[in-house]
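Read-outs: derived from the displayed coordinates by stated rules, not from any lab. Everything numeric in this text was worked out from a predicted model, so none of it was measured. Positions of Cβ are generated from backbone atoms using ideal geometry, with glycine treated the same way; all protein chains shown enter the neighbour counts.
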Amino acid sequence: MSSSDLLQQIRTGGEIPRHVAIIMDGNGRWAKQRSRPRTFGHRAGMRAVREVVEAAADAGVEVLTLYAFSQENWGRPPAEVSALMALLELYVRREREDLRGKGVEVHMIGEVGRLAPRTRRAMESLVDHTAGGQRLRLNLAISYGSRTEIVNAARRLAERVLDGTLVPGEIDEELFGQQLYTASDPDPDLLIRTSGEMRISNFMLWQLAYSEIHVTPVLWPDFTREHLFGAIRDFQRRERRFGRVLAS
């Protein structure tokens with residue numbers, strides 16, 4: 001089925017997920033299958049990023065969060081980490097004007113202070129240049145780890161209790177959620193993981209509490225707009241209960 005047919009089905013098929021989060025996995029395996037270095041796969045994955053961003057906007061998704069670089073990824077070989085940072089800078093140079101023209105507002109979530117100054121400046125310039133975009137909010141999770149995010153949120157609330165501006169009994173889910181990177185976003189309705197791995201890899205542990213999960217064996221560089229639309233159609237066929245029993 002063509003992407004235009006799938007898009008038409010999405011528009012008439014039910015609820016469109018407001019927030020889609022994607023664990024982009026499989027770059028290394030994609031490159032290995034072609035007897036190329038892992039960095040070759042990471043570069044190929046940039047095409048999939050562009051296609052998915054455009055497709056999400058076309059489908060009417062409000063927020064798209066992409067897991068670009070985890071805190072654990074800092075433990076990879078230095079040459080690979082350097083190559084990944086260079087690719088982030090390349091992404092900014094290639095996509096900055098196009099993202100702005102398409103109404104995409106870019107945000108960064110994660111411990112971005114760990115980035116090298118040049119990479120951090122490049123990413124901040126992308127955020128500044130796209131500010132005000134109304135069509136799609138794109139969260140790039142860079143140097144991101146959900147456990148650290150949750151610990152930092154708890155620490156900030158504890159500090160408010162210590163300085164007397166917050167009573168422990170006032171802490172609830174809403175207040176806690178306001179301390180997270182995604183405080184201004186709805187929780188993801190749909191999580192997509194490529195490459196067939198059945199784990200969430202320390203990604204948005206709080207926010208994914210009631211997300212629908214779609215796992216595909218497709219490796220990230222091969223992921224297309226048709227795959228995204230197929231995942232959204234799968235989401236539309238599901239019955240979301242949020243722990244409740246719906247009336248028959």
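Go through the stretch 68-96 and report how many residues are closer than 19 Å to Trp220 by Cβ, surrounded by 13 or more Cβ atoms within 10 Å (Cβ to Cβ) and either in contact with a Lys or Arg (Cβ under 7 Å, 6 or more places away or on another chain) or among the acidic types (Asp, Glu) (or both).
The number of residues fulfilling the criteria is 3.
Regarding Glu51, is this residue surrounded by fewer than 21 Cβ atoms within 10 Å (Cβ to Cβ) and within 17 Å of Arg225 (Cα to Cα)?
On the way: surrounded by fewer than 21 Cβ atoms within 10 Å (Cβ to Cβ): yes; within 17 Å of Arg225 (Cα to Cα): yes.
Yes.
Failed condition for Pro188, given (1) free of Cβ contacts under 8 Å to residues at least 12 places away in the same chain; (2) under 30 Å from Arg94 (Cβ atoms); (3) of a type outside the set (Lys, Arg), with all others met?
(1)
Buried (at least 16 other Cβ atoms within 10 Å of the Cβ) and either within 28 Å of Arg36 (Cα to Cα) or in contact with a Gly (Cβ under 8 Å, 6 or more places away or on another chain) (or both): is that true of Leu99 in this structure?
Details: buried (at least 16 other Cβ atoms within 10 Å of the Cβ): yes; either within 28 Å of Arg36 (Cα to Cα) or in contact with a Gly (Cβ under 8 Å, 6 or more places away or on another chain) (or both): yes.
It is true that Leu99 is buried (at least 16 other Cβ atoms within 10 Å of the Cβ) and either within 28 Å of Arg36 (Cα to Cα) or in contact with a Gly (Cβ under 8 Å, 6 or more places away or on another chain) (or both).
Inspect all residues belonging to the stretch 162-176 and state whether any of them is under 18 Å from Ile23 (Cβ atoms) and surrounded by fewer than 20 Cβ atoms within 10 Å (Cβ to Cβ). Give the derivation first.
Residues of the stretch 162-176 that are under 18 Å from Ile23 (Cβ atoms), as a first pass: none.
Checked the stretch 162-176: no residue is under 18 Å from Ile23 (Cβ atoms) and surrounded by fewer than 20 Cβ atoms within 10 Å (Cβ to Cβ).
Looking at Thr165, Thr182, Thr148, which is the one that is under 30 Å from Gly41 (Cβ atoms) and in a loop (DSSP other than H, G, I, E, B)?
Numbers: Thr165 fails: under 30 Å from Gly41 (Cβ atoms); Thr148 fails: in a loop (DSSP other than H, G, I, E, B).
Only one candidate qualifies: Thr182.
For the stretch 21-37, which positions are over 29 Å from Arg233 (Cβ atoms) and surrounded by fewer than 19 Cβ atoms within 10 Å (Cβ to Cβ)?
Lys32, Arg34, Ser35, Arg36, Pro37
So is Ser211 touching a residue at least 60 places away in the same chain (Cβ under 8 Å), closer than 21 Å to Glu15 by Cα and not aromatic (Phe, Trp, Tyr) or not?
Numbers: touching a residue at least 60 places away in the same chain (Cβ under 8 Å): yes; closer than 21 Å to Glu15 by Cα: yes; not aromatic (Phe, Trp, Tyr): yes.
Yes.
Of all residues in the stretch 177-211, which are crowded, with 21+ Cβ neighbours inside 10 Å and among the acidic types (Asp, Glu)?
Passing the criteria: only Asp189.
Among the candidates Ala154, Ala122, Ala158, Ala141, which residue alone is of a type in the set (Gly, Ala, Ser), closer than 30 Å to Thr224 by Cβ and either in a helix (DSSP H, G or I) or in contact with a Cys (Cβ under 7 Å, 6 or more places away or on another chain) (or both)? Please lay out each step first, then the result.
On the way: Ala154 fails: closer than 30 Å to Thr224 by Cβ; Ala158 fails: closer than 30 Å to Thr224 by Cβ; Ala141 fails: either in a helix (DSSP H, G or I) or in contact with a Cys (Cβ under 7 Å, 6 or more places away or on another chain) (or both).
The match here is Ala122.
Taking the stretch 108-137 on its own, how many of its residues are out of contact with any Ser or Thr (no Cβ under 7 Å at 6 or more places or on another chain), among the acidic types (Asp, Glu) and surrounded by 13 or more Cβ atoms within 10 Å (Cβ to Cβ)? Can you show your working first?
Step one: filter the stretch 108-137 for residues out of contact with any Ser or Thr (no Cβ under 7 Å at 6 or more places or on another chain), giving 108, 113, 116-137.
Remaining after also requiring among the acidic types (Asp, Glu): 124, 128.
If we keep only those that are surrounded by 13 or more Cβ atoms within 10 Å (Cβ to Cβ) as well, we get 124.
Residues meeting the conditions: 1.
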